[in-house]
1. Determine, yes or no, whether Leu204 is in contact with a Phe, Trp or Tyr (Cβ under 6 Å, 6 or more places away or on another chain) and of a type outside the set (Gly, Ala, Ser).
2. Search the stretch 121-175 for residues being charged (D, E, K, R) and over 21 Å from Thr76 (Cα atoms), and hand back the single one that is surrounded by the most Cβ atoms within 10 Å (Cβ to Cβ).
3. Cβ-Cβ distance below 9 Å, separation of 6 or more or different chains: which pairs start in the stretch 148-175 with a residue that is at positive phi and end on one that is not small (Gly, Ala, Ser)?
4. Between residues in the stretch 302-316 that are without any contact (Cβ under 8 Å) to a residue 60 or more places away in the chain and under 9 Å from His161 (Cα atoms) and residues that are outside any loop (DSSP other than H, G, I, E, B) and polar (S, T, N, Q), which pairs lie under 7 Å by C-beta distance while being six or more apart or on different chains?
5. Residues of the stretch 352-375 being part of a loop (DSSP other than H, G, I, E, B) and closer than 23 Å to Asp52 by Cα, which ones?
6. Which of the residues belonging to the stretch 348-392 are surrounded by fewer than 20 Cβ atoms within 10 Å (Cβ to Cβ), closer than 18 Å to Asp39 by Cβ and charged (D, E, K, R)?
7. Among the listed residues Ala50, Ala19, identify the single one that is surrounded by 19 or more Cβ atoms within 10 Å (Cβ to Cβ), in contact with a Phe, Trp or Tyr (Cβ under 7 Å, 6 or more places away or on another chain) and either touching a residue at least 40 places away in the same chain (Cβ under 8 Å) or farther than 19 Å from Gly216 by Cα (or both).
8. Using beta carbons and a limit of 8 Å, which pairs, at least six apart or on different chains, have the first residue in the stretch 320-334 and over 19 Å from Tyr239 (Cβ atoms) and the second one β-branched (Val, Ile, Thr) and crowded, with 22+ Cβ neighbours inside 10 Å?
Amino acid sequence: MGDFIRGTVADGYEVVRDAFARNFSERGERGAAVSVYRDGRRVVDLWGGAKDVDGDLDAGAAPWESGTAQIVRSATKGVAAAALLLLHQRGELDLDAPVGAYWPEFKARGKERTLVRHVLAHRAGVPALDRPLTPGEAYDPDLAAAVVAAQAPFWTPGEDHGYHAHTYSWLTGELVRRVTGRCVGEWIAAEVARPLGLDLWVGLPQAEAGRVGRLGRIEPPAAPGGLRVRPKRNVSQAYEDPASLTRRAFAAIDPLPDENDSAYRAAALPASNGVATADGLARFYAALTGEVDGGRALFTPQTVALARGEASAGPDRVLVVGTRFGLGYMLHGAAAPLLSPGSFGHPGRGGALGFADPESGLAFGYVTNGMNKGVTADPRAQALVRALRATV
């Protein structure tokens, strides 16, 4: 194991440390961290590599440190879902009410019967926009919400499901704002992150900007023999077709923002631009289902059941493959393997992953500065999950 790996693991979790080290030697990892909680106690806290994806430690580049944070892309969706589920748990938001009951403008063009639960389960029918938003427009919550409200659905809401890659930001964000009067990022900070002591933000404060490393694309090593094996049908292939719903959903912001830009990081886009440490992500999931540092679990057992009860399953109109969703969370399955059938969480395109597994009491967070091409099952995260599974 290289001396660039730092942190600690509790007895019995050495296999996770070994898998983390192999990610650097075998899977092209540049800089990353992983954290695991069990029954509210942190048992894995590891980090390594360079803070910036293009950094060279041998040339004196800044190393990844224990407090280094990174954009976690769609892993942010699990945090956005928690906001809506907590509002429901408090009696402020009815999951079976039409979205238009809180956001009247949304009732336009056949969306009158779209329910709040449809938003959480990716059944709202508006994963793409007829007119994509520029980055600047996407950062404006008033304008973006108005465009989504005016969009005609691509299917009858509630009758099918397809991943709302970007529009999930404005659907969840506007519901939080209509119910609470606060920006979704402000609400998450006040009601979730600060009370739990999480290094996690939706809308990065300028004071924390120095903790975030440079993000970038990496190419994973080739399979043995120099070949890369591709499945017959996957989201990457569908994305190559500019007319596909897949491409249109992921291009709801066009051109795609520069994720290293300070304006992007400061925006509140709860589908895609949350920033977190691995510990912040793992601690968040630990707190959803159990006590952390003596505090009560955020979710009641009834809310946990909503989060991980299957609400969508089968061929996904956007991700192409079969997916499974609870209310706001991806569920264990072939497209997005988690720890066990009872796990719920969310990956981030290209790397990050966070989830909770209530039966084992485990909560997991992984963040990286090197983005792979895949969407839901990054090989580095999966190697860590396999190692963790061996500890149960």
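1. Working: in contact with a Phe, Trp or Tyr (Cβ under 6 Å, 6 or more places away or on another chain): no; of a type outside the set (Gly, Ala, Ser): yes.
Judged against the criteria, Leu204 is not a match.
2. Initial filter on the stretch 121-175 (charged (D, E, K, R)): 123, 130-131, 137, 140, 142, 159-160, 174.
From the residues that got through so far, the ones that are over 21 Å from Thr76 (Cα atoms) too are 130-131, 159-160.
On the way: Asp130: 10, Arg131: 11, Glu159: 10, Asp160: 16.
Of everything passing the filter in the stretch 121-175, Asp160 is surrounded by the most Cβ atoms within 10 Å (Cβ to Cβ).
3. Short answer, once both residue conditions are applied: Gly158/Arg113; Gly158/Thr114; Gly158/Leu115; Gly158/Arg117; Gly158/His118; Gly158/Arg123.
4. none
5. In the first step, residues of the stretch 352-375 are kept if they are part of a loop (DSSP other than H, G, I, E, B); the result is 352, 358-361, 369, 372-375.
Residues satisfying the conditions are Ala352, Asn369, Asn372, Lys373, Gly374, Val375.
6. Those that are surrounded by fewer than 20 Cβ atoms within 10 Å (Cβ to Cβ), closer than 18 Å to Asp39 by Cβ and charged (D, E, K, R): Glu359, Arg389.
7. On the way: Ala19 fails: in contact with a Phe, Trp or Tyr (Cβ under 7 Å, 6 or more places away or on another chain).
Every option except Ala50 fails the conditions.
8. Gly333/Thr323
Laboratory data are not the source of any read-out in this text; all were calculated from the coordinates shown. Keep in mind it's a predicted model, so treat the numbers as computed, not measured. Counting neighbours? That spans all protein chains shown, and the Cβs are built from the backbone with ideal geometry, glycine included.
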